[in-house]
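Here the structure comes first, spelled out in structure tokens, and everything after it is commentary.
The values are calculated or read from the model by the stated rules, or taken from the named source; none is laboratory data. Bear in mind the structure is a predicted one, so any value in this text is a computation, not a measurement. FYI the Cβ positions are ideal-geometry reconstructions off the backbone, even for glycines, and counts take in every protein chain you see. In case anyone asks, the SASA skips ligands and DNA or RNA and just uses the protein heavy atoms, side chains included. Shrake-Rupley method; radii C 1.70, N 1.55, O 1.52, S 1.80 Å.
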Amino acid sequence: MCHYCGCREMPLLRDYIAEHERATNLGGDAVRAMDRGEHEHARELLAAMGVELRSHWQGEENGIFAVMGRVELYAEHISPLVREHRELEHLLQTVDLTHAADRDRVAKAVFDLREHIAKEEDGLFPASLTALSGAEWDEAMAAWHDAHPGQHMLGN
Ligand SMILES: [Fe+2]
Ligand SMILES: [Fe+2]
């Protein structure tokens with residue numbers, strides 16, 4: 001598991017994990033706001049989650065997914081993850097929180113996001129520690145910088 005394997009010691013993975021935490025916190029806050037009937041506040045929180053996730057997805061898909069996806073063993077685990085990114089994006093683009101059914105879809109999506117993240121943090125990220133060469137880490141980190149213009153990676 002990510003908590004034990006050393007993932008958090010690796011720059012880039014540490015950033016990805018921090019992005020996961022920010023996105024799930026925003027999603028959890030949005031669900032709680034919906035539960036209180038604060039739909040406008042929930043909408044703002046979901047919008048903030050979407051901003052966080054879009055740069056995160058770009059960094060992942062052009063970074064660690066791109067380099068690991070060259071190996072067939074990993075590629076078959078990566079394509080469902082990319083599909084889940086697109087599904088959540090579609091939901092965020094189309095959701096109308098004034099509809100109870102849409103609020104249910106959001107609550108389920110936030111729950112599912114935790115599962116999605118677990119597949120990355122407990123599967124792909126630990127595997128990357130042994131799978132990637134130095135040049136591949138450099139490539140993955142360059143994709144992170146492209147996805148987060150003007151930002152710095154987390155310090156030690
Ligand atoms: Fe992801
Ligand atoms: Fe992720």
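If you roll a 1.4 angstrom probe over the protein chains with everything in place, what fraction of the accessible area of the stretch 7-63 belongs to carbon and sulfur, to the nearest %?
Answer for the stretch 7-63: carbon and sulfur cover 50 percent of the accessible area.
Note the per residue figure in Å³ for the convex hull of the C-alpha positions in the chain. If you can, show how the numbers build up before the last one.
On the way: hull volume 17.1 nm³, N = 156.
Taking the convex hull of the Cα positions in the chain, it is 110 Å³ per residue.
Viscosity 1.002 mPa s, temperature 20 °C: give me the Stokes-Einstein translational D for the stretch 68-156 in µm²/s, with Rh taken as the Kirkwood radius over C-alpha pairs.
Rounded, D is 139 µm²/s.
Using a 7 Å offset from the Cα along the Cα-to-Cβ direction at both Glu139 and Thr94, what is the distance between the two label points in nm, to one decimal?
3.4 nm
So if a site counts as exposed when it's one of the trypsin sites (Lys or Arg not before Pro), its DSSP state isn't H, G, I, E or B, and it has at most 15 other Cβ atoms within 10 Å, what's the longest stretch of the chain without one?
71-156
With a sphere of radius 14 Å drawn around the Cβ of Glu9, what net charge do the other residues whose Cβ falls strictly inside it have (Lys, Arg +1; Asp, Glu -1)? Don't skip to the answer; put the middle values down first.
Working: positive: Arg8, Arg14; negative: Asp15, Glu121.
The answer is 0.
Using a probe radius of 1.4 Å on heavy atoms only, what accessible surface per residue do you get for the stretch 16-156? Whole Å² is fine.
Values: 7390 Å² over 141 residues.
Averaged over the residues of the stretch 16-156, the accessible area is 52 Å².
Quick one: length gained pulling Arg105 to His152 fully straight, 0.36 nm per residue minus the C-alpha distance? Intermediate results must be reported in sequence, preceding the final value.
Working: separation 47, 0.36 × 47 = 16.92 nm, distance 3.41 nm.
13.5 nm is the gain from fully extending Arg105 to His152.
Calculate, for Val71 and Arg114, the FRET efficiency according to 1/(1 + (r/R0)^6) with r their C-beta to C-beta distance and R0 22 Å; round to the nearest 0.05.
0.25
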